[in-house]
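Heads up, the thing below is written out as structure tokens.
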Amino acid sequence: MIMKENKIRKLCKEEAGKAVVLQGNIAFAVGCVRSGIHSAEGYPGTPSTEVIDRGLSQVQDMITVGWSVNEAVAVGVGLGHTLAGRDTVVTMKIPGLFQAGDLFTSASCYTDPRGALVYYIASDFTPSSTQHLVDPRYLFKSCFIPVFEPGNHQEMLEAAEIGADISRQFKTPLAILASGALCHSEGLVRLNPVSKREPLVMGEDLTVFNSLPGIARKNYDIIQAERMKALTAMVEASPLNKVIKGSGKTGVITYGANTAYVQEVKEAFGADMDILSLAFTNPLPVDVIRHFHASIKGDVYVIEDGYHFVQDEIERLGLEVKGKALFSNLTEYTPALIAEKLGYEVQKKTLTTQPVKRPPMICAGCPYRLFAEVVYKMRKRGKLETIFGDIGCNSLLCFLGAVDTGVAMGASESKRTGYVLSRPDKADKCISVIGDSTECHSGMDATRNTVFRNVPGLKIVLDNYWTAMTGGQPAPTSPVNLAGEPCAYDLVKELDATGARTTVVSAYERKEIQKAMKQALDDAANGVFTTLVIRGCCIKKVPPKEKGIRLKVNADLCDTCHTCLICPGIEAKPGDVPSFNNLCSGCGGQHQACLQMCPFNAIETLAEEDRIRTSGPTYDDPPVIPSISLDHVALPKQLILAIRGVGGQGNLFFGRVMTQLAFLAGYGEKNIVKGETHGMAQMGGPVISTFACGSVFSPVLMPGKADCVIAMEVSEMLRPGFLELLKPGGTILTSRTMVVPQSISAGEYPDLDQIKKASDGYNLIEVDVLDKAVEIGDATGKIANVVMMGALSKIAPFDLIPEAVWLNALKDVTPAQAWGGNYRAFVAGRGLL
């Protein structure tokens, strides 16, 4: 496959030593190619997805890469690559590791030469987008595989090569346990050398790679006698273990992203502490730990995420350390929590006004919307009692009263089966719900089981053609695979082949959904099992030209019953006639959901020329932006910013501009970091992005250090811990935009005067960025974030950076077709102050 030139290709070919700012996942992906890794497999799972989705998929002529249908299959494909002598990476999140557990554990015990097998497993110990908090380090230890935990973005870049070299040398798989904080943040790296790895020449006889009991016993003995001893010697001597010296008064043992957090505390408080940053958590460098512990006169602390694996191991050595309590609920540290642990006072701010509850919601125009409405109404009428849900976008239907349970991918139908086997009278009172990609992942097993066990009922497959929750990656139900090749898989034919009766309806036809569900539940009462496929393309994958506001409300016909308010794209205050807002997608040109809800035919279709398109207007080409010297500009030692908003307001893009700005301003000689909420794709939920450059370490900010905080939605400044990030007397820059979630009434939204009162003691600046975006021609308001950037560029200390540098940074990260609009938005934002 020949691919067009793109950013990732350029990064994979750039000269070694060049400084760039990369997201952790992208750094790892670039490192895979630059270090000569031959192949990569995976299954989408936040926060690991971008390695393949935004990284390796862009260079498919430089590395063999693909999505598999689930993590177990990905591990099997990866193992197959290694038996062909090729060095392979397999990506997943922690729950995916356990889904692949059978292959993972068995493959860990082979002891003969083969290609490298490196697992890239992303953690989420908050959790932000993961269904449990199980610490996998105990599994890794029992599988006798080495575990490397990168401590910064540079190590994320180099991790693939480190892992592959160890895997080959010691004839073992290796796990890279990457903190979600590093996966989804950006940091300054210097590109590693480009190298080539020759595939290992394998013999024709592969019988040693068999898990027969006799071979398993032999391999276990070799692991104990050879592998673990050799790995222990390696980790003891590794230069990747780092000691940051102090006076020996206090010691901290840490690893992974916590290394940056501890360094941030040391910098912020001028703390006198020695830090031992471990590179490997299995096996542990016991002698290194003993030596460090003996060098400390006072207390030695262990700072780690997850459970307390390393603390337990150190205490087993008879060494006294201060860590977590036995049953601590702390799973992820921040710099502030570490500072408090070490006895430092951290700035806090108590607010009396509570923030808005913002559960993440399905997108405006989502094909799941009408199904959720039908299910909710059936429950109210007593036609349905229990809905067994799954993992994916359908999980969010719980906030619409259309899903009850959710435990793991593929489990919805098996839960329904067990429930009905115990309660046969409920076969027509409960349903299971699953997405198409998850049905292909592991749900089909439960479908076959239901047919096998002859259990009546209804299983709903919400088919939006993509793995939507993680950003729209291809699944077997997609029109094409990752390589762009047509996909011949047919979901309906496979469901039919199980022996289940299968029905297909449109996700955008309410009456069809109602009719099909009623029939299937009637049949369930008579012993029939039905799979109902409800189809409609993920709205995020619909071309922009098909989206936009296509409707208007006729005020003369409207009864203000607000029955149409089933989507965030249409809104109304109590007693007012509804109107469409900038979130409206027009249901992607399908039969609009709100139109079908109106009992008075008050919603009318706009003429084509009056339609408001989400693709936005076109603008004249901006003037050429001059280059400018910063030799005589006195920039501050550091710049620190935090941005809060609602999912979909453009925080990610804002952060990318800030990192490029810092780079152009010369902060690349020091450090640049940007953090963000895990699971940013969760529309409508509260999100935060952080940015820091200069003498900084952590993508998670220390309270009392930010020069400015920005609220893209006015009530978001009330989020716990946000305003306390500000320096005393710092600036709050807030939009006047109010986004009232569907889950509350307008009357429950905080009083604006109370919101503003929270800013007492700070410099509050209000700007109407959404109105300004609409004023300059963007009816969707999607460039409001760029208007806010323009306003920020006029606020100290960010105003020390010349306007031309801001504009060049903005242009560098803006797609060519959007540059005209972004230029106008930025200039308009500067004009607001």
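If you take the beta carbon distance between Lys10 and Asp102 as r and set R0 to 41 Å, what does 1/(1 + (r/R0)^6) give as a FRET efficiency, to the nearest 0.05?
Details: r = 40 Å, r/R0 = 0.98.
Taking R0 as 41 Å, the efficiency between Lys10 and Asp102 is 0.55.
Over the range 183-303, what percent of the accessible surface lies on carbon and sulfur atoms, probe 1.4 Å? Spell out each step's value before the answer.
On the way: 3260 of 5570 Å².
C and S atoms contribute 59 percent here.
Potential lengthening of the chain between Arg381 and Glu485 amounts to 32.8 nm, from the contour at 0.36 nm per residue minus the alpha-carbon distance.
How would you classify the range 298-340 from its alpha-carbon gyration tensor, with a ≥ b ≥ c the square roots of the eigenvalues: rounded for a/c under 1.5, else prolate if a/b is greater than b/c, otherwise oblate?
On the way: a/c = 2.31, a/b = 1.37, b/c = 1.68.
Since a/c reaches 1.5 but b/c is at least a/b, the shape of the range 298-340 is classed as oblate.
Evaluated at q = 0.06, 0.07, 0.09 Å⁻¹, a Debye calculation over the C-alpha positions of the chain (equal weights, vacuum) places log10 I(q)/I(0) at -0.41, -0.57, -0.96. Look at where the Cα atoms of the range 447-504 and of the range 777-803 average out, and the two centres are 45 Å apart.
Counting Lys +1, Arg +1, Asp -1, Glu -1, what net charge surrounds Gly31 among other residues with beta carbon under 13 Å of its beta carbon? Local charge sum for Gly31: -3.
The accessible area of Val286, taken with all protein chains in place and a 1.4 Å probe, comes to roughly 40 Å². Counting only residues at least eight positions apart within a chain, or on another chain, the aspartates and glutamates with an alpha carbon under 15 Å from that of Lys4 are Asp61. Length, then width, then depth: along the principal axes, the Cα atoms of the range 1-140 run 40, 38, 28 Å. Measuring only protein heavy atoms, the 1.4 Å probe finds Asp404 accessible over about 70 Å².
Given N residues in the range 72-126, what is its alpha carbon radius of gyration divided by 2.2 N^0.38 Å? Please list the in-between numbers first.
Numbers: Rg = 11.4 Å, N = 55, 2.2 N^0.38 = 10.1 Å.
Ratio of Rg to 2.2 N^0.38 Å for the range 72-126: 1.13.
Averaging over every viewing direction, what projected area does the convex hull of the Cα atoms of the range 430-560 cover, in nm²? Please report the intermediate quantities before stating the final value.
Working: hull surface 42.9 nm².
If I average the Cα hull's projected area over directions, I get 10.7 nm².
Rounded to the nearest 500, the helix-only mean residue ellipticity at 222 nm of the chain stands at -8500 deg cm²/dmol, with each DSSP H run of n ≥ 4 adding -39,500 (n - 2.57).
Neighbours of Val455 by Cβ distance under 15 Å: Lys/Arg scored +1, Asp/Glu scored -1, total +4.
Residues Trp806, Trp819 ordered from highest to lowest accessible area at a 1.4 Å probe: Trp819, Trp806.
Of Arg54, Arg86, which has the most accessible area and how do the rest follow, probe 1.4 Å? It would help to have the intermediate numbers written out before the result.
Values: Arg54 110, Arg86 65 Å².
Sorted by accessible area, descending: Arg54, Arg86.
For the cross-link pairs Lys540/Lys705; Lys266/Lys674; Lys324/Lys349; Lys349/Lys573; Lys245/Lys341, the ones whose C-alpha atoms lie over 28 Å apart are Lys540/Lys705; Lys349/Lys573. Ranking Gly246, Tyr419, Leu278 by how far each Cα lies toward the positive end of the dipole of the chain (charges on Cβ) leaves Tyr419 at the top.
Find the centroid of the Cα atoms in the range 78-139 and in the range 344-398, then give the distance between the two in whole Å. After rounding, the separation between the Cα centres reads 32 Å. Using the Cβ of Arg535 as centre and a radius below 9 Å, the other residues enclosed give a net charge of -2, where K and R count +1 and D and E count -1.
Note on Lys811: aspartates and glutamates with a C-alpha under 20 Å away, same-chain residues under 8 apart excluded, are Glu5, Glu186, Asp620, Asp621, Asp778, Asp799, Glu803.
In the range 219-290, inverting the average of 1/r over every pair of distinct C-alpha atoms gives 13.5 Å as the Kirkwood radius. Rolling a 1.4 Å probe across the protein heavy atoms gives the range 283-399 an accessible surface of 46 Å² per residue.
In the complete set of protein chains, residue-level accessible area for Arg423 is approximately 100 Å², probe 1.4 angstrom.
Which distance in nm do the two modelled labels at Ala225 and Val194 give, with both placed 7 Å along the Cα-to-Cβ direction? Each label point is offset 7 Å from its Cα along the Cβ direction, giving 4.5 nm.
Note on the range 651-753: dipole from Cβ charges, positive end direction compared against Ala692, Ala665, Gly730; the farthest Cα belongs to Ala665.
Just want to confirm a number: the relative contact order over the chain, from Cα pairs under 8 angstrom separated by 6+ residues, in percent. List each step's numbers first, then the result.
Details: 1800 pairs, mean separation 86.7, N = 833.
After rounding, I find 10 percent.
Using a Förster distance of 56 angstrom, determine the FRET efficiency expected from the C-beta separation of Gln169 and Glu340, and round it to 0.05. With R0 = 56 Å, the Cβ-Cβ based efficiency is 0.85.
The values are calculated or read from the model by the stated rules, or taken from the named source; none is laboratory data. Since we're looking at a predicted model, the values are computed, not measured. Note that each Cβ is placed from the backbone with ideal geometry, even for glycine, and that neighbours are counted across all protein chains shown. Accessible surface areas use protein heavy atoms only, side chains included; no ligands, DNA or RNA. Shrake-Rupley method; radii C 1.70, N 1.55, O 1.52, S 1.80 Å.
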